[in-house]
1. Just checking the output field for B:228-236: average partner chain Cβ neighbours within 10 Å of each residue's Cβ?
2. Under unit Cβ charges (Lys, Arg +1; Asp, Glu -1), what dipole magnitude, rounded to 20 debye, does segment A:69-186 have relative to its Cα centre?
3. Across the residues of B:177-188, average count of Cβ atoms on other protein chains within 10 Å?
4. A 21 angstrom limit on the alpha carbon distance is what I want to check against. Which of B:78/B:144; A:335/A:368; B:389/B:482; B:292/B:454; A:84/B:489; A:292/A:401 exceed it?
5. From the residues A:507, A:142, A:57, which one has its Cα farthest along the dipole of the protein assembly as shown in the positive direction, the dipole being from +1 and -1 charges on Cβ of Lys/Arg and Asp/Glu about the Cα centre?
6. Once you average over the residues of B:274-284, how many Cβ atoms of partner chains fall within 10 Å of each Cβ?
7. How large is the dipole of the protein assembly as shown about the Cα centre if only Lys and Arg carry +1 and Asp and Glu carry -1, each at its Cβ, rounded to the nearest 20 debye?
8. Placing a label point 7 Å from Cα toward Cβ, how far apart in nm is residue A:413 from its equivalents in the other copies, listed shortest first to one decimal?
Number of protein chains: 2
Amino acid sequence: MLRLFTRSTRNIPLCQRFSSTLTADKYPNIKRGDFGKINDEDINHFSKILSPNQLITDSNDITGYNQDWMKKYIGQSKLVLKPKTTEQVSEILKYCNQRKLAVVPQGGNTGLVGGSVPVFDEIVISLASMNNIRSFDQSSGILKVDAGVILENADNYLSENGYIFPLDLGAKGSCFVGGNVATNAGGLRLLRYGSLHGSVLGLEVVLADGTIYNSMHSLRKDNTGYDLKQLFIGSEGSLGIITGVSILCPARPKSVNVAFLGLENYEQVTKCFQKAKSELGEILSAFEFMDKDSQLLAAQTLKTTHPLCQDDIEGIESVPEYPFYVLLETSGSNKEHDDIKLEKFLEDVMESEIVVDGTVSQDEQQLKTLWTWREGIAEASQQFGGVYKYDVSLPLDSMYKLVESVKERLNELELSSTEDNKKPVYEAVGYGHIGDGNLHLNVAVREYNKEVEKALEPFVYEFIESHKGSISAEHGLGFQKKNYIKYSKSETEINMMKDLKKHYDPNGILNPYKYI
Amino acid sequence: MLRLFTRSTRNIPLCQRFSSTLTADKYPNIKRGDFGKINDEDINHFSKILSPNQLITDSNDITGYNQDWMKKYIGQSKLVLKPKTTEQVSEILKYCNQRKLAVVPQGGNTGLVGGSVPVFDEIVISLASMNNIRSFDQSSGILKVDAGVILENADNYLSENGYIFPLDLGAKGSCFVGGNVATNAGGLRLLRYGSLHGSVLGLEVVLADGTIYNSMHSLRKDNTGYDLKQLFIGSEGSLGIITGVSILCPARPKSVNVAFLGLENYEQVTKCFQKAKSELGEILSAFEFMDKDSQLLAAQTLKTTHPLCQDDIEGIESVPEYPFYVLLETSGSNKEHDDIKLEKFLEDVMESEIVVDGTVSQDEQQLKTLWTWREGIAEASQQFGGVYKYDVSLPLDSMYKLVESVKERLNELELSSTEDNKKPVYEAVGYGHIGDGNLHLNVAVREYNKEVEKALEPFVYEFIESHKGSISAEHGLGFQKKNYIKYSKSETEINMMKDLKKHYDPNGILNPYKYI
């Protein structure tokens, strides 16, 4: 339990521009597809499949399903269905496919790219009522759950049994396991436990025509045919609706340490990562970096003393002083051994001047506090009105160059200032999962502004393309990045994806206007 | 370097029945597909794409390409092509697809299910001439290689750079990385480093129509569209020919320990595994079990004293005395810590009487010797004439029941005896990767025999089906298990696979008569 912020505790100021405009109005170029329109007969049909409380038509009750949690995307659905069984999902899709009614599968609705809300009047199929833990095998660590189980609930359940969910992220209190798999969520444990493509052992998926693809296997090794479940991991509900997940969970580590380090430049950050991989090896579980500006932002919302601040003044006066920071976590089975390894590592990096300052958590509370300086950046980035968020993968050596180039560009165009309130941009900051090659670039703004957008795009995407990176490391494509995939994937790859989408969903009813 | 046996050192007695019969004659029910027959014009065409030494038509030179290394499957190909570039593979397939010429992609040809050799006159496309290491990134550990690089060469290269290939298996001296990926090889490091679905970051694949699917990415996280490369991992050359692999490699562990333990029953084996997962956590890198009969077999070929034998008599007299054995390996970054953890673990399992006897390697040589008692079983199983091999995944609690049931059945039918040379079966033995839920059941026989086959099949497959296991954990389907997939996969799953095959290879030219 290292996280302080879950979705429920977030209170983010919303930007005017995004507060109430329908997605359809905001993007007038996107036209409603040639789908059926829901009529009374349809509602009657669904009423036969579902009980009254599983079917929402009241517009007030639907509001929450029509918008993402940042209220950036607002749809116009008139119908929410909340199936309780896989068979019900199958019946629903079978009918929708015949009637060409578009649907949007919705999990915890915590996504950042507008993938889980309708664009027009798509029927929302919420997985919220499918929230049972199906089984857990104590000897193998294999957990089987309904898609609608909340990630934190799954992890708490595992914790009681000495295991850990191989995925963790800020929204764990709200997001669903099914949604995590559908979006191939990355998060904070990927460095240690790998991607969901490795840990998911089986899936239950309902295809566009209602076919139930039951592949809820519990085998670590199974070489009997194409590993079809892989197609649905990260497909964002565009090929089928995930209703069940079978996943291999590792034993819960008995000892966790966190070190917070100050470094003179980005090159030292990458050197530090090399050392950590080599010396901490199997106990290294997170290696996050933050630039100074990200810490300056965080200092203004956290209002506590920065971990590496020399003085003891509380609040924003305690200005972070190093250009770069690293938060490093170890997780192991023996506290004494982990402590020794970490101490030895810290001695080495201090001695070789890779690291110039640092602190290590002495208890659970300190550990949580150190994490807030990493996890608080997302919220802090929005404190002046809004934020343009980029979640990218880049080779390590060019990773921070993107942040520098964006800062430079915004300054050259005189769009950015931390002091002048008339400038649209407050500051661009960089942080992220160095261990996974994943950078978060946040451009904190006072207002959403066409000029800023022009300055950022396609500039950011072209930078990523020229460095062979990915325009979406972990957030996915959704509605927001559908049209930018070309910066990360070749025409052949994109054509193969479109072909696959057409093959599995010929009527295009599954999550239209998004992904591919 | 824990392995003693590579393919080149194996010297396995071949069973008469399998020594020279053509696959086509052995399985008369399988008819040649409606493919084109190679003519002079075709040879001329290929001569324009390839240089003379890349094109083999001499029947003597072709022999090795026509048969698997156990000489169990013998094809009748008249043409072997050895492209040196991806473009050449593309040109070849484009032409073959137009002419409907069937092909079989061939890597190191070390498979166990006849997947890499022709059944009739398919053109062999050997990847042996594509064997360059393309690049290695020291900071991220990402290796890019041609498909034809030998696994051991890749691992040696990584070793020089402080990294390790996340896969290891007995045939490492001969098998190709491309073949490993095409068959989703499991092997000895899976418990620690996970499956190739997690570690492969990108692939270059030539599709049936010659299209080059270049997805040689080097990003640990990339959520931009369907993860298409996953389809080719474990597809055994039936969807495309893998020509390049990008893979994430972990840092090489600095310390390796092996313990060899004696246990009273199978239940204690599973208890011991639980304890090991919990106490050794992040340093546990292998947990293999062997039954007594497997050790008795191995004792007859290894001719050294069994590690847990009380007396010092050399050779077959040193009879293993416990019903079950466990070989447990730890790999970590600190020898002292690993030693302490292992000692503590061994004290615990001895004290709680889970383990009744044991020994720990003191040096590299002892470590290798201990591994021979696990690795030598495959060879030892064939010493009396032949072996029926089953490679299955089963839930841990029912895993050994399969071996017991088979032994019982063979005894009831009076087919088995270690003493009576007239009985076709010598002994059925069980061993395997407990940590991966992967059992190897070897039925050592004096002759291949229809009665034995009838006793074993479909009995074994039905047992696996009723326990929701997999009929192929890591060896794949190939030619041998094509028709048995129904025991592990549902009709829906199989239909989806067939549909996918048809979609990507409408003419069915890629590795026909196999897989699906």
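No lab work stands behind these numbers, since they all come straight from the coordinates. The structure displayed is predicted, hence computed values, not measured ones. Note: ideal-geometry Cβ built from the backbone for every residue, glycine included; neighbour counts use all protein chains shown.
1. Rounded to a whole number, the mean comes out at 5.
2. On the way: 11 positive and 10 negative charges, 106 e Å.
About 520 debye.
3. Details: counts 0, 0, 0, 0, 0, 0, 1, 4, 1, 4, 1, 0.
That works out to 1 on average.
4. On the way: B:78/B:144 33 Å; A:335/A:368 18 Å; B:389/B:482 15 Å; B:292/B:454 26 Å; A:84/B:489 26 Å; A:292/A:401 15 Å.
Violating the 21 Å limit, Cα to Cα: B:78/B:144; B:292/B:454; A:84/B:489.
5. Working it through, the farthest residue towards the positive pole turns out to be A:507.
6. Numbers: counts 6, 0, 1, 8, 5, 4, 3, 12, 15, 7, 3.
Average neighbour count from other chains, rounded to a whole number: 6.
7. It works out to roughly 3700 debye.
8. 7.6
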